[in-house]
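The values are calculated or read from the model by the stated rules, or taken from the named source; none is laboratory data. Owing to the predicted nature of the structure, the values given are computational and were not obtained by experimental measurement. Note that we place each Cβ from the backbone using ideal geometry, even for glycine, and neighbour counts take in every protein chain shown. Ligands, DNA and RNA are stripped out before the accessible areas are found, and what is left, the full protein with its side chains, is counted by its heavy atoms. Shrake-Rupley method; radii C 1.70, N 1.55, O 1.52, S 1.80 Å.
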Amino acid sequence: MSLIKKALKKYNDIPLPAKAALWFVVCSVLQKSISMLTMPIFTRIMTKAQMGQFNVYNSWLQIFTMVVTFRLNYAVFNKGMSKYKDDRDAYTSTMQSITFIITSVFFGLYLIFREQVNAFIELPTFIMVAMFLELLVTPAIDFWTIRKRYEFIYRPVVVRTLLMALLNAGLGVAAVLISDEKGYARILSCVLVNLVFGVMLFTYNLKKGKTLMRWEYAKFAVLFNIPLFLHYVSQYVLDSFDRIMIQKMLGFEAVALYGVAYNAGLLMKIVIQSINNAMVPWQYGKLEKKEHEDLDDTTFLVFVMMGVVTVLFSAFAPDLMLILAGEKYREAVYVIPPVAIGMFFMFVYTTFANVEFFYNQTKFTMYISMGGALLNIGLNYIFIKLFGYVAAAYTTLFCYAVFAISHYFYMTYSVKKSLGFTRIFKTRRLMLLFTILVVAGLTVIALYQLPIVRYALIAAVLIAAFIKRKWIIGIFKSIRKLKKPQESAQAENT
């Protein structure tokens, strides 16, 4: 009992912001875990075409969400929470009203041109109507959640998130089991859950705000977001637009194969986001103290460890696909290594971008994002035709690598402009590490047909990690020692 009491005392002594951050991380992991646990069920009872319909719906939902919300639930909402801290209720209801008006306009346009839209998107009218009904009210969930996070009120957010995740999973399985149109049943089960919570929180936000619109707030939010919108569009293109292109060029079954494997590869993203959240305040602390050599050496060691994790994750890909999707998705396993390596380069470019944000050098971030997005579309158009859906994973990897290198040079420019010297991170060893990682990560693919060699490699890496466990733990302990939290370069995405 004494151990339990000590643990509870330590937990109770944690400052509220840190406690809230802990629960938000736990909540996010549990939410993704529930989704991953149900994936083996859906992949086994739904056909590839039906899984493709669900993946395509989610991709189009993201596109329409981005347009009708104008990404008012990103950086500008957090900005408004501080700028209008004495009138947050009215600011929230104003943001909600803007998204409702924009959605209503697009819904009306859809109803007029529904035949042409349906033919292009390849989804029927009742699914598109369900999508717009969802879009009318679900932004309210985001506004409510982000405000609670901003104010460190974590309990209702955790309860709401987990309840929605469980209902989505439970209703989804039930709907798919009893329906012949399993793809559409899976879509509508998600829409129903989002509608119920969306209507409740839409009403709650409106009552609290006691107003539909404050023009001052609306003008501020729209003008603030105009220069950032293309950046958000570019991020979407890199994350999800490949599914739309695969759908148009190869069909729903190819989308299913790619989507399931891509989602498996995104497990790396959970690890990456957790490490980045821990590193940002440490990075800022080192930059404030001008301890650049320690920043360089420790960051490089973290890159090395993340590279090893990436290769190890790629080596587990056949087993992961067998568990998550079964034999009928086996051929898609070759998507996972390039996706995992792409997530590594996402971590790298975010680390460099944190330095840019520290020195308030963000001018070219939008141009880098737009360039990467256009490059991704062009490469997908060429290589999906030539090599099929697997090519989309490699084009995404290439574009994330371009992002990382571009941010490295822009970061170097930012440092020179701010401090007068050219670099913080040593270029040669970074380039060597990146080259070794790409070669090793893609070489692992050749071992998929040699399971004994592959398992021997996995065992060797795990044994080495166990032997070096104190050294590895020491590195992450040194990162966590910073006392003063700072704002993340990822804040625009919260």
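Selection within segment 343-382: residues that are assigned to a helix (DSSP H, G or I) and of a type in the set (S, T, N, Q). The member of this set that is nearest to Phe303 (Cα to Cα) is Thr351.
Looking at segment 17-41, which of its residues are of a type in the set (A, V, I, L, M), at pLDDT 75 or above and within 23 Å of Lys148 (Cα to Cα)?
Of the residues in segment 17-41, the ones of a type in the set (A, V, I, L, M) are 18, 20-22, 25-26, 29-30, 34, 36-37, 39, 41.
Filter once more, so that each one left must be at pLDDT 75 or above: 26, 30, 34, 36-37, 39, 41.
Listed by number, the residues that qualify are Val26, Leu30, Ile34.
Is at least one residue of segment 143-160 at pLDDT 90 or above, more than 21 Å from Lys79 (Cβ to Cβ) and surrounded by 15 or more Cβ atoms within 10 Å (Cβ to Cβ)? There is at least one residue in segment 143-160 that is at pLDDT 90 or above, more than 21 Å from Lys79 (Cβ to Cβ) and surrounded by 15 or more Cβ atoms within 10 Å (Cβ to Cβ).
Here the helices (runs of 4 or more DSSP H) wholly within segment 1-102 that include at least 2 residues being touching a helix residue (DSSP H, G or I) at 6+ places or on another chain (Cβ under 7 Å) are 16-45, 48-69, 75-83. Test Leu177 against the stated conditions and say whether it is at pLDDT 90 or above, open to solvent by 60 Å² or more (accessible area, probe 1.4 Å) and out of contact with any Ser or Thr (no Cβ under 7 Å at 6 or more places or on another chain). Yes: the conditions hold for Leu177. Residues of segment 441-455 that are under 30 Å from the mean Cα position of the chain (by Cα) and open to solvent by less than 70 Å² (accessible area, probe 1.4 Å): Gly441, Leu442, Val444, Ile445, Ala446, Leu447, Tyr448, Arg454.
Inspect segment 70-80 for any residue being under 23 Å from Met245 (Cβ atoms), surrounded by 15 or more Cβ atoms within 10 Å (Cβ to Cβ) and either in contact (Cβ under 8 Å) with a residue 12 or more places away in the chain or of a type in the set (Asp, Glu) (or both) and give the result as yes or no.
Among the residues of segment 70-80, at least one is under 23 Å from Met245 (Cβ atoms), surrounded by 15 or more Cβ atoms within 10 Å (Cβ to Cβ) and either in contact (Cβ under 8 Å) with a residue 12 or more places away in the chain or of a type in the set (Asp, Glu) (or both), which makes the answer yes.
Being within 12 Å of Leu238 (Cα to Cα), small (Gly, Ala, Ser) and assigned to a helix (DSSP H, G or I) is the requirement here; does Ala404 meet it? Give the derivation first.
Values: within 12 Å of Leu238 (Cα to Cα): no; small (Gly, Ala, Ser): yes; assigned to a helix (DSSP H, G or I): yes.
So Ala404 fails the test.
I'd like to know if segment 319-326 contains one or more residues that are in contact with a Cys (Cβ under 7 Å, 6 or more places away or on another chain) and in a helix (DSSP H, G or I). So far as segment 319-326 goes, no, none of its residues is in contact with a Cys (Cβ under 7 Å, 6 or more places away or on another chain) and in a helix (DSSP H, G or I). Say whether the condition of being assigned to a helix (DSSP H, G or I), modelled with pLDDT of 85 or more and surrounded by fewer than 21 Cβ atoms within 10 Å (Cβ to Cβ) is met by at least one residue in segment 269-291. Within segment 269-291 (the criterion being assigned to a helix (DSSP H, G or I), modelled with pLDDT of 85 or more and surrounded by fewer than 21 Cβ atoms within 10 Å (Cβ to Cβ)), the answer is no, since none of the residues qualifies. With respect to the conditions (1) touching a Phe, Trp or Tyr at 6+ places or on another chain (Cβ under 7 Å); (2) within 29 Å of Trp144 (Cβ to Cβ); (3) modelled with pLDDT of 85 or more; (4) open to solvent by less than 10 Å² (accessible area, probe 1.4 Å), Asn225 falls short on a single one, namely (3). Contact annotation: residue pairs with Cβ atoms under 8 Å, 6 or more positions apart or on different chains, pairing a residue in segment 412-441 that is without any contact (Cβ under 8 Å) to a residue 40 or more places away in the chain with a partner that is exposed (fewer than 12 other Cβ atoms within 10 Å of the Cβ), are Thr412/Thr422; Lys416/Thr422. Of all the criteria given as (1) open to solvent by less than 40 Å² (accessible area, probe 1.4 Å); (2) at pLDDT 90 or above; (3) touching a Ser or Thr at 6+ places or on another chain (Cβ under 6 Å), the one not satisfied by Ile127 is (3). Can we say Gly251 is among the small types (Gly, Ala, Ser) and at positive phi? For Gly251, the condition - among the small types (Gly, Ala, Ser) and at positive phi - is met.
Counting only helices (runs of 4 or more DSSP H) wholly contained in segment 132-250, the ones carrying 2 or more residues that are within 21 Å of Met66 (Cβ to Cβ) and among the hydroxyl-bearing types (Ser, Thr, Tyr) occupy 215-250.
When every residue of segment 117-128 is checked against the conditions, none turns out to be over 25 Å from the mean Cα position of the chain (by Cα), part of a helix (DSSP H, G or I), under 30 Å from Trp215 (Cβ atoms) and not hydroxyl-bearing (Ser, Thr, Tyr). Within segment 151-181, the set of residues being polar (S, T, N, Q) and closer than 21 Å to Met51 by Cβ comprises Asn168, Ser179.
Checking each residue in segment 241-268 for being among the charged types (D, E, K, R) and either under 18 Å from the mean Cα position of the chain (by Cα) or surrounded by 23 or more Cβ atoms within 10 Å (Cβ to Cβ) (or both) picks out Asp242, Arg243.
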